[in-house]
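The next block holds one structure in the form of structure tokens; read it before the comments.
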Amino acid sequence: MQERQAASPLFPPVNVTTTSPAAAERVEHEQTRLLRDMLAAQDRQNELLEELVSQLGASQRQRNQELAQWKAANPELAASCRLAAENLSRVQTSFLMTLTDEVNENAENLADGEFLLSEFVDRFGPRLAHLNGVLQVLAQLSGPGNS
């Protein structure tokens, strides 16, 4: 018969002896102190978040007010921006149709060929990014409905 080696236990022994009331009270006070510290830290974090939201909100309100003043001072230009945004939106739709057709027709080649993917991005990427930027500016400067 083989001798069995003493294996380390799967779970370490657990001490189930009772602690003294003084030790239990110290642990309870320590837990209470930690909870109070956590609550104070959370309160401070909430104050900072409220201040951040207030700052961002004030900045956004000021920007909206300036934009409304500009639109009131330049109503013809704002209307022209709205018309240009609508027309450019149709151009963007057509451009996106061309782009998606290109992707759908050449999906495998784009996935397999790094050169073709790079050429595709070079061909469509900058134009799409600039078109989106121009549309965003025109939409912001257009009439009251798009502010």
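The values are calculated or read from the model by the stated rules, or taken from the named source; none is laboratory data. Worth saying up front: this structure is predicted, and the values here are computed from it rather than measured. We place every Cβ from the backbone using ideal geometry, glycine too, and count neighbours over all the protein chains shown.
Test LEU83 against the criterion of being touching a helix residue (DSSP H, G or I) at 6+ places or on another chain (Cβ under 8 Å), assigned to a helix (DSSP H, G or I) and at negative phi, and give yes or no.
It is false that LEU83 is touching a helix residue (DSSP H, G or I) at 6+ places or on another chain (Cβ under 8 Å), assigned to a helix (DSSP H, G or I) and at negative phi.
Out of ALA129, ALA107, report the one residue that is exposed (fewer than 12 other Cβ atoms within 10 Å of the Cβ) and within 30 Å of ARG63 (Cα to Cα).
ALA129 is the lone residue from the list that is exposed (fewer than 12 other Cβ atoms within 10 Å of the Cβ) and within 30 Å of ARG63 (Cα to Cα).
Please specify each residue of region 93-147 satisfying the condition of being under 30 Å from GLN69 (Cβ atoms), more than 27 Å from the chain's Cα centre (by Cα) and assigned to a helix (DSSP H, G or I).
If the condition is that a residue be under 30 Å from GLN69 (Cβ atoms), more than 27 Å from the chain's Cα centre (by Cα) and assigned to a helix (DSSP H, G or I), then PRO144 is the only one that fits.
Among (1) of a type in the set (Gly, Ala, Ser); (2) surrounded by 10 or more Cβ atoms within 10 Å (Cβ to Cβ); (3) over 30 Å from GLN140 (Cβ atoms), where does SER54 come up short?
(3)
Out of everything in region 9-34 that is part of a helix (DSSP H, G or I) and exposed (fewer than 10 other Cβ atoms within 10 Å of the Cβ), what residue ends up being modelled with the highest pLDDT?
Looking at the filtered set, the residue picked out is ALA22.
Only one residue in GLU76, GLU66 is in a helix (DSSP H, G or I), at pLDDT 90 or above and surrounded by 10 or more Cβ atoms within 10 Å (Cβ to Cβ), so which one is that?
The match here is GLU66.
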